[in-house]
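Notes for the one structure printed next.
We did not get these values from a lab; they are worked out from the coordinates using the rules stated. Since this is a predicted model, take the numbers as computed values, not measurements. Positions of Cβ are backbone-derived with ideal geometry, glycine not excepted, and every protein chain shown enters the neighbour counts.
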Amino acid sequence: MDWDLKEELRDCLVAAAPYGGPIALLRNPWRKEKAASVRPVLEIYSASGMPLASLLWKSGPVVSLGWSAEEELLCVQEDGVVLVYGLHGDFRRHFSMGNEVLQNRVLDARIFHTEFGSGVAILTGAHRFTLSANVGDLKLRRMPEVPGLQSAPSCWTTLCQDRVAHILLAVGPDLYLLDHAACSSVTPPGLAPGVSSFLQMAVSFTYRHLALFTDTGYIWMGTASLKEKLCEFNCNIRAPPKQMVWCSRPRSKERAVVVAWERRLMVVGDAPESIQFVLDEDSYLVPELDGVRIFSRSTHEFLHEVPVASEEIFKIASMAPGALLLEAQKEYEKESQKADEYLREIQELGQLTQAVQQCIEAAGHEHRPDMQKSLLRAASFGKCFLDRFPPDSFVRMCQDLRVLNAVRDYHIGIPLTYSQYKQLTIQVLLDRLVLRRLYPLAIQICEYLRLPEVQGVSRILAHWACYKVQQKDVSDEDVARAINQKLGDTPGVSYSDIAARAYGCGRTELAIKLLEYEPRSGEQVPLLLKMKRSKLALSKAIESGDTDLVFTVLLHLKNELNRGDFFMTLRNQPMALSLYRQRIEGRVAALQTAADAFYKAKNEFAAKATEDQMRLLRLQRRLEDELGGRFLDLSLHDTVTTLILGGHNKRAEQLARDFRIPDKRLWWLKLTALADLEDWEELEKFSKSKKSPIGYLPFVEICMKQHNKYEAKKYTSRVGPEQKVKALLLVGDVAQAADVAIEHRNEAELSLVLSHCTGATDGATADKIQRARAQAQKK
Amino acid sequence: MAFPHRPDAPELPDFSMLKRLARDQLIYLLEQLPGKKDLFIEADLMSPLDRIANVSILKQHEVDKLYKVESKPAVSSSEQLCFLVRPRIKNMRYIANLVNADKLAGRTRKYKVIFSPQKFYACEMVLEEEGIYGDVSCDEWAFSLLPLDVDLLSMELPEFFRDYFLEGDQRWINTVAQALHLLSTLYGPFPNCYGIGRCAKMSYELWRKLEDEEDGETKGRRPEIGHIFLLDRDMDFVTALCSQVVYEGLVDDTFRIKCGSVDFGPEVTSSDKSLKVLLNAEDKVFNEIRNEHFSNVFGFLSQKARNLQAQYDRRRGMDIKQMKNFVSQELKGLKQEHRLLSLHIGACESIMKKKTKQDFQELIKTEHALLEGFNIRESTSYIEEHIDRQVSPIESLRLMCLLSITENGLIPKDYRSLKTQYLQSYGPEHLLTFSNLRRAGLLTEQAPGDTLTAVESKVSKLVTDKAAGKITDAFSSLAKRSNFRAISKKLNLIPRVDGEYDLKVPRDMAYVFSGAYVPLSCRIIEQVLERRSWQGLDEVVRLLNCSELAFTDMTKEDKASSESLRLILVVFLGGCTFSEISALRFLGREKGYRFIFLTTAVTNSARLMEAMSEVKA
């Protein structure tokens, strides 16, 4: 251990995180003989004893320390307040465990880990339990009362079954299980008689097993559900152990419990004998997934069950295939023919594949690189004699071991075993490296393992950048430049996240600089708004061409600025202005103001049209009053038509004059209206009133449309010569049409007539035209 | 003459995947609200939804009753309400009213709003204003591409045209970019990209940005579609404004094809019921006539009828076994064909009736005169008469726009008089319509500073009125101020007519307008594809006022197979017409390409004009 501890461990509150995590020590806690002048010191060390942080404790008395799954240090104070610190001693947040806890003070507390995260369980001075299953999402649960509980339980622990946290406590010879609804008394099956009190209990890392230590020096081991007994052991030591933890390997059949007293360590399991160690120093046990870490002032050791593969290979006189292969390889290096003999022996048994696998697996469990190497060499040697051995397990093991050796390094200090590493996954390991600010190592690992950039390198770079912006002593310029240089356009890095972090640290200018590098406007704008740089946000939003974004800013601005400023801002951004006008204010159109506006805008045409419309509206109102019927909102044309249809010819003409309706329109209008009325007499009168400005063909057409051939014929004679043929054809006088066409000597007209000649009736006419044509051609 | 593709024509990609994707996503969203629920659907989304998931699929996912989102409140008793809407303020108010009414009545229900194709902040803002933001959950149904046909994808966003080209609202560009992104993830990267227009450029850039953000996915894939061409509608309004004479276009103009299907009324079905008919390549009869000039369709249909009769007649000489075969195998197909045939004949008759009534020939003649740029005065008075007679507000507007664009703006005198006439006919609210049209550049006034106009007005002061008209005519035929005219000349849009244009065996794309005019948009595409770039088209680009806005982007990798290089995705931003589709299909047949169309919506002249009109509230 690298640390230089002055005190004994027993004088400190100790907490060590699993998975080779850091160790926290609170020195000089509140001992009975209060030395008021000496404030306690909180120190955090890496697993190898490298100091990470040290700070003077200024808050209230601490009852318990613990690490959360995110490697945050939870300090439970006597008043029920939990303070959360980061790995580097930076204060994160705090929360309280409720009023009840505050009143009754904390007697004892435990930090435990479930699949939801890390939880806190508290025993109050009123002998009640309060727990929260996840400190990230704080929900306090007060456990039911234990009937007849007058004093603190002799020991207690949290269990986690079916995703629910329970509390198991021992009071005298009785065991109680608390869940959030009820308290039930339980008895472990097969418990030896004569127990008057339980001194210690331990739950395994996976919450599957439970061990109980009684005052008779008897240890009961069984499942955590208390339904089955696994084994028992009598160690005949009545002194209460300092610590008791499970030491077993996942999926292993062997189960063992490590019990520690001041100077003695005992491993007991399903065997009549126990293994005993002597502890030279005051030590502390950390339960791990596959064993127990034991550290003291000078050493840090790992106690675990020997994995099957290692056992097979290294057992004395082992004839397991792996052992033979290792031997064969050694002989091969000595250039001895024995190598061949060993190899042959394995091959005869057909166990070479198994041998290689054993060697690879055993290598994983070795901590010393030279042993790893020799085992891997053996595996690789054996592999040569196999046809189709998939190489990936070997390759992966080599990679994993390199990573593991790197993090186990003294300076890094994360002593992970292979099984822990697999359970933790590389992603979490990277996170933990990032948490320790070991960015270069993390990046090297990513690059070495060829992780996809988004998950690997760029994520780490982003974390690095977020850390970088917190360094307050470096100028904004330098930080921004340094970050951009390192990050460049690495995909998956969000500059806006970094900028948000910078803003969080109060470095707005830096945040804006960083945002300049953000390519996605959608990410820039919201942050700019948050930083109250609305105008910048607006221009960015407009640049992006994303209307939605512009609206976001506009609505934000409208709330933020007063009306005048708001419109001044808009004036400089025509696109925003047009958007605003179109959607938000709505269109208010009162005709007079419209006309005034048109005049101001020098759009005289529109102004005039608007005024005309005002005049028309007034007139229509009067017409409705005088004549009845509906006139409002009709167009001018329709108004006149309605008047004619109603027989108010005089008024119609007056209106036409007032509004200067052109003659052509009036004629068309009157013609259509009169024909609709079938007022043929009036129509004829009208046709003779003066020379028609639209000619007389429309008269013929309109009569025919009403199927009045008689009236139509009246007008054919007045149709001008160039349209005569058409008119005659319209009324169905093919013969006369032919005559006129021939007279005109017009080829187009002739063929038009010809196309109207049908069947026998017009046979003569058709002949006539053909003759005329022939004549014309002769000429 | 059916649809004879060259034998080497490339296969179209299978776009049904888009439908499946949209359906799965919708089902996922519906399943997020477990249990029985009532579904409120926006009217605009009903037809597209029907193409994706029919009622029985919705029922399978526990949709109980269906309601239309409309102005009047709906009475639903379900405990869970789900709204499927476009992101519009109006809809938010509707939902808010419903939720607040429940609150007043002390009722608590679950509400879920699904926005398609995406959600806008402004909508959430309204929900917040109405105080119901916390009561509803919002989701997005990113359904932006509906395959209407084997080669036609529509975004079904008719409002795109007005929002972008009139209001300058760019919110849909993101949607377009997302849609392009989806296409490129599904059908591989597009090695060659071309485009013209501001919107095209913005969409393209946004799309590229999206691709860059999550690159690596499409890399290394073989492209399925060799080219993509983005085109803004405002590059070519002329084509969209012309009357359509190709069968499919004509059906659209007459009956309005909605979301790939059309409602044939009683006059077509010759019964007393209307019938909804799906118009796509699966309709064998339709598939053969859709791209034909209307004058050929009747002949073709009667030929088809005769063939059908002959096939029916075959059964006379059959023995029992053959008869059995006939009944089991062919009869059903024949009957189906028979049904379709009678429908299309009915449609043709109905079209004929309508078109002859309105002097369709005259109209077409005027249009052609406008396109070619002669007899401007005559055309102007034709339009005036059109307005005076109140033939149709939309048609009149269309003709005025056509006149304005082909002439590069109306002469101030004409502009005033036509406008006055129009307002007299249809009411003053159209002042706003005219203002809209001016903003969109569809109907403009020539700047009075124009030198020729100045000369003209001076001259006209000196002579009598009648003579002035003639002089104006003379000037306008002399003047080269119209960009359209110049472009038309440059790109040879008006084919030289020697003799009759044979519409049965078309020579070029002009056949879609009776041989009078090659659609400008299609010609641009043709030219660019031929050159594989904009090179040599600088003058045209300049005339289109797009010097900065034409772009090409080619990747050097030649992973694309020759097959895929002949597949071209044309993206019309602001809508395309069936005439353009037909013209490009024709071009494809000639050159061995296949075109795939992606449009914000299928449009036609009437829809464009309606989008610009201000109707009485």
Task: Formal net charge of residues neighbouring A:Asp663 (Cβ-Cβ distance under 13 Å; K, R +1; D, E -1) - done: +3
TODO: Using just the helices of the protein assembly as shown, give the 222 nm mean residue ellipticity in deg cm²/dmol: DSSP H runs with n ≥ 4 each add -39,500 (n - 2.57), and the total is spread over all residues, rounded to 500.
DONE: -14500 deg cm²/dmol
- [ ] With a cut-off of at most 13 other beta carbons within 10 Å, and DSSP calling the residue loop, which trypsin sites (Lys or Arg not before Pro) in the stretch A:302-364 qualify? Please list them.
- [x] A:Lys315, A:Lys334
TODO: Sort the stretch A:648-779 into rounded, prolate or oblate with this rule: let a ≥ b ≥ c be the square roots of the eigenvalues of the Cα gyration tensor; rounded if a/c is under 1.5, and if a/c is not under 1.5, prolate when a/b is larger than b/c, oblate otherwise.
DONE: prolate
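How much of the DSSP bridge set in chain B is antiparallel, in percent, rounded to the nearest 5?
25 percent
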TODO: Starting with the fewest neighbours, write out A:Trp680, A:Trp156 ranked by other beta-carbon atoms found within 10 Å of each beta-carbon.
DONE: A:Trp680, A:Trp156
Open item on the list: What's the longest uninterrupted piece of chain A once you rule out the GluC sites (Glu not before Pro) that are loop residues per DSSP with at most 14 other Cβ within 10 Å?
Closed with: A:336-515
TODO: Report, in debye and to the nearest 20, how large the dipole of chain B comes out about its Cα centre when Lys and Arg carry +1 and Asp and Glu carry -1 on their Cβ.
DONE: 1140 debye
Task: For peptides B:320-331, B:506-517, sequence by mean Cβ density within 10 Å, most packed first - done: B:506-517, B:320-331
Open item on the list: Distance between the C-alpha centers of the stretch A:710-767 and the stretch B:18-72? Whole Å please.
Closed with: 62 Å
TODO: Determine the shape class of the protein assembly as shown: with a ≥ b ≥ c the square roots of the Cα gyration tensor eigenvalues, call it rounded for a/c under 1.5, and otherwise prolate if a/b is greater than b/c, oblate otherwise.
DONE: prolate
- [ ] Return the percentage of antiparallel bridges among DSSP beta bridges fully within the protein assembly as shown, rounded to the nearest 5 %.
- [x] 75 percent
Open item on the list: What is the sum of charges, Lys and Arg at +1 and Asp and Glu at -1, for the other residues whose Cβ falls under 14 Å from the Cβ of A:Pro147?
Closed with: -1
Open item on the list: For A:Ala109, what residues show an amide H to amide H distance below 5 Å, using hydrogens built from the backbone and excluding near sequence neighbours?
Closed with: A:Leu123
- [ ] From other protein chains only, count the Cβ atoms within 10 Å of every residue's Cβ in A:48-58, then give the mean.
- [x] 0
Open item on the list: Quick check: the distance between the Cα centres of the stretch A:230-306 and the stretch B:155-187, to the nearest angstrom?
Closed with: 69 Å
- [ ] Please report, in debye to the nearest 20, how large the charge dipole of the stretch B:13-59 is about its Cα centre when each Lys and Arg carries +1 at its beta carbon and each Asp and Glu carries -1 there.
- [x] 180 debye
TODO: Return the average number of partner chain Cβ atoms within 10 angstrom of each residue Cβ along peptide B:418-425.
DONE: 6
TODO: Just rank A:Arg264, A:Arg10, fewest to most, by other beta-carbon atoms within 10 angstrom.
DONE: A:Arg10, A:Arg264
TODO: State the answer as a single residue: which of B:Gln535, A:Gly117, A:Leu226 lies farthest towards the positive end of the charge dipole of the protein assembly as shown, with beta carbon charges of +1 for Lys and Arg and -1 for Asp and Glu, about the Cα centre.
DONE: B:Gln535
Task: Inverse mean reciprocal Cα-Cα distance (Kirkwood Rh) of chain A, Å - done: 36.5 Å
TODO: Please work out the C-alpha center-to-center distance from the stretch B:355-389 to the stretch B:289-315 and express it in whole Å.
DONE: 33 Å
Task: the stretch B:126-173 - charge dipole about Cα centre, Lys and Arg +1 at Cβ, Asp and Glu -1, debye rounded to 20 - done: 200 debye
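What average number of partner chain Cβ atoms lie no more than 10 Å from the Cβ of the residues making up B:430-436? All intermediate terms of the calculation are to be shown ahead of the outcome.
Details: counts 2, 8, 4, 0, 3, 2, 0.
Counting Cβ atoms of other protein chains within 10 Å of each residue's Cβ and averaging gives 3.
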